[in-house]
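Working notes for the structure below.
Derivation of every value follows stated rules applied to the coordinates shown; laboratory data play no part. These numbers were taken from a predicted model, which means no experiment stands behind them. All Cβ positions, even for glycine, are placed from backbone atoms using ideal geometry, and neighbour counts span all protein chains on display.
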Amino acid sequence: MFDLRELSSRVVAAPMAGGPTTPELVVAAASAGGVGQLAAGYLTPDKVRADIAAVRAAGTEVFGVNIFVPEPEPVNSENLARYRAELVPYARSLGVTLPDVDDLGDDDDHFEAKIRLVCDERVPLVSFAFGCPRPEVVDELRRHGCSVGVTVTTAADAETAGQAGADWLCVQGPDAGGHRSVFDRRTNPPTQPLDELIGEVVGRVPLPVVAAGGISTPARAEKVRSLGPVAVQVGTVLLRTGEAGTKPAHAAALVDPDRTETVVTWAFSGRPARALRNLFTDRFSDAAVAEYPAVNTLTGGIRRAASNDPDGINLWAGSGFGDAAEESAVDTISRLG
């Protein structure tokens, strides 16, 4: 079973669902001595299988796959209907017809099929977001040689992951871009600084730690690793690299001098996520409801119609977004390692 402490460059490329993480980005991370993770979220098992094959065809054997844990609480249809009504005028202005609430039920994102897939493929690293998998799931993965990681935002969640049999933890601080991996989508994400959170987790859970959240410079990466983590995980700083599949409007927004602020919003997906502030977050964050994954499906047509408009899409970004450079991911990861 692969041990993250064996990395020559102690950097993990974050699994960024929705397009930014590509097989090419995962291969680049490995080429730099780190490790990358494919993002299985929102993809069919067949697409994940194809991405795994692409990574291996490029000669990369050590890599990961990240899977979303299904929501334990069902969607509240009344909340969803109220938010849908808020979105209707904007959707109409884009020529988008929103799906009916009755068509926005709960969705487990092919969880069981993806577990079978990564077991069959004997993927070296399998990580989870949005919750902790059941102990029997962890046991099955480990039986197939998969090293299991769980993304946590509190020391209590880290203890839960340890009790479930996880091999390592991704400890995510408040400056992280994209979705915060809170176990309960309806809670406000913790604001405890990453350095403090690392200290608390390391003191309570005897597992290797990968630290994430706002890490975008060599000095910051080295400081964080000095606190005990075996590696740092970076995502936002890779968004402008040549191997990333970031939408052009998103990549351009990261260097727009008029965009200086990030906000945490439920408006796009129904789960808290950090993004560059834009007109969509200004208009809909207050009305948004914590009803993932239904909200993500609800806004999907809007995001597709506005794909070239930075004020209409989710500009996921951590606090270090200004350090994202237009270069090869190999160069970025080598510099941070």
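Here are some notes:
- The radius of gyration of the Cα set in segment 1-56, together with its Dmax, comes out at 11.5, 32 angstrom.
- Listed peptides 198-205, 213-220, 290-297 by packing density, highest first (mean Cβ within 10 Å): 290-297, 213-220, 198-205
- Protection proxy ranking, peptides 305-312, 169-176, average beta carbon neighbours within 10 Å, highest first: 169-176, 305-312
- Loop-resident trypsin sites (Lys or Arg not before Pro) (DSSP state other than H, G, I, E or B) in segment 117-170 with no more than 15 further Cβ atoms inside 10 Å of their Cβ: ARG122.
- Straight-distance crosslink candidates among lysines, where the alpha carbon sits under 16 Å from LYS47 and sequence neighbours closer than 8 are dropped: LYS114
- Whole-Å distance, taken between Cα centres, linking segment 168-192 and segment 115-138: 20
- Under the Debye formula (equal points on every Cα, no solvent term), log10 I(q)/I(0) of the chain at q = 0.12, 0.15 Å⁻¹: -0.79, -1.29
- When the alpha carbon gyration tensor of segment 85-208 is reduced to an equivalent ellipsoid, its three semi-axes come out at 32, 22, 11 angstrom, largest first.
- Gap separating the Cα centres of segment 309-331 and segment 3-21, nearest whole Å: 17
- Cα-based helix-to-principal-axis angle, 111-121 vs the chain, degrees rounded to 10: 30
- Mean residue ellipticity, 222 nm, helices only, the chain: the sum of -39500 (n - 2.57) across DSSP H runs of n ≥ 4, divided by residue count and rounded to 500, is -10000 deg cm²/dmol.
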